[in-house]
1. If amide H atoms are built 1.01 Å from N in the plane of the peptide, which residues on other chains or at least 5 residues away come under 5 Å of the amide H of GLY124?
2. Efficiency by 1/(1 + (r/R0)^6): what FRET value for PHE146 and TYR82, r their Cβ-Cβ distance, R0 = 22 Å, to the nearest 0.05?
3. Which one, (i) 5, 19, 22, 21, 16, 9, 5, 2, 0, 0; (ii) 7, 31, 39, 20, 3, 0; (iii) 6, 27, 33, 24, 9, 1, 0, gives P(r) over Cα pairs in 10 Å bins from 0, in percent as derived from the coordinates shown?
4. Could you list, bin by bin from short to long, the percent of Cα-Cα pairs of the stretch 1-160 in 10 Å steps?
5. Quote the FRET efficiency, to the nearest 0.05, computed for ARG110 versus MET236 with a Förster distance R0 of 41 Å and r equal to the Cβ-Cβ distance.
6. Label THR70 and TRP15 with points 7 Å out from Cα along Cα→Cβ: what is the distance between them in nm?
7. I want to check the label-to-label distance for LYS94 and TRP288. Put each point 7 Å from Cα in the C-beta direction and report it in nm to one decimal.
8. Could you give the dipole magnitude of the stretch 58-126 about its Cα centre, charging the beta-carbon of Lys and Arg +1 and that of Asp and Glu -1, in debye to the nearest 20?
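Just so it is clear, none of the values below were taken in a lab; they were calculated from the coordinates. Small disclaimer: the values here were computed from a predicted structure and weren't measured. Note that each Cβ is placed from the backbone with ideal geometry, even for glycine, and that neighbours are counted across all protein chains shown.
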Amino acid sequence: MTFVARWIRQPQKLWVRKALFQVHLWTGIGVGLYILLISVSGSVLVYRVDLYRKFSSPPTIVTPAGDRMTPEALKQAAERAYPRYRITDVWQPKNPDQAAEITLERGGGRWLRLFHPYTGEDLGSKLRAGYRLTEWLLDLHDNLLFGDNGRLVNGAGGMFVIVLCLTGAVIWWPGIKNWRRSLTIEWRANWKRINWDLHSAIGFWTIAFVFLWGISGVYLAFARQLAPIFDYFYPMNELQPAIRPIDRTLATLSRLHFGRAYGRSVKVLWAAFGLAPLCLFVTGALMWWNRVLRHGVRQSHEG
């Protein structure tokens, strides 16, 4: 029987499939927690604009008392209130009854505080808790909370997601006689079979989405490094400047990654399918426990 015939009929016996299974298994174990964080945060951030809008604070109105302080005087007031912070910006609205906004920075962190423009009193944070949480989730999803270095790690994580998709696609194929069975879930079976069916079916129906997020995630993480390569193969015509096809493609890839600009129904779909990697991680971990770890724990107790 040729390799192709064996692959079509009995792929489980091929050494290539067994090798790819090990790659899939250990890659999933290695980046499982990373995928969990990115999956959950990504599903929430599909509604990032809506969350920012919901948690945005209205202008804070104050009662005038004498003359309005100058920006320099407000900066000095902020320095007295926060001596360990660096004041990077003081903004006074045109409306004299509206609070001033002062930006403070320390250790790579950035905070926006409101100050009374007449007394220099600290009125609290400009950003509500929900707004700050959304910003924190965005930083976690984009940079893993570690700035540019975290973004590069995120790009590597996207590559591992691509590896999981490709190896998973190969492993999923059960043979010509059983392929339909791998598309559905047999709810009347025992929990081990249900768990396997969940992993197989969810993987099949969402692989295109997960692969897209892996590819677009790698591009977004390494956009600065990839730009010279795109410019080399698709040079800009300075005499007739126009949007290049590659620019349109990359812009579309970015929009697809975040599920924006395609309507509310797409947002719902992206948020739901964004949890697919989480489900695959949980079902895969259960299979790993049942097949490997549980037997090891049992043997150690018996020994």
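1. Those lying under 5 Å, H to H, from GLY124 are LEU114.
2. 0.35
3. So the structure-derived entry is (i).
4. The distribution over the stretch 1-160 is 9, 24, 22, 17, 11, 7, 5, 4, 1, 0, given as percents.
5. Once the sixth-power term is evaluated, E becomes 0.75.
6. My value for the distance between the label points is 8.2 nm.
7. Output for this residue pair reads 5.8 nm.
8. 260 debye
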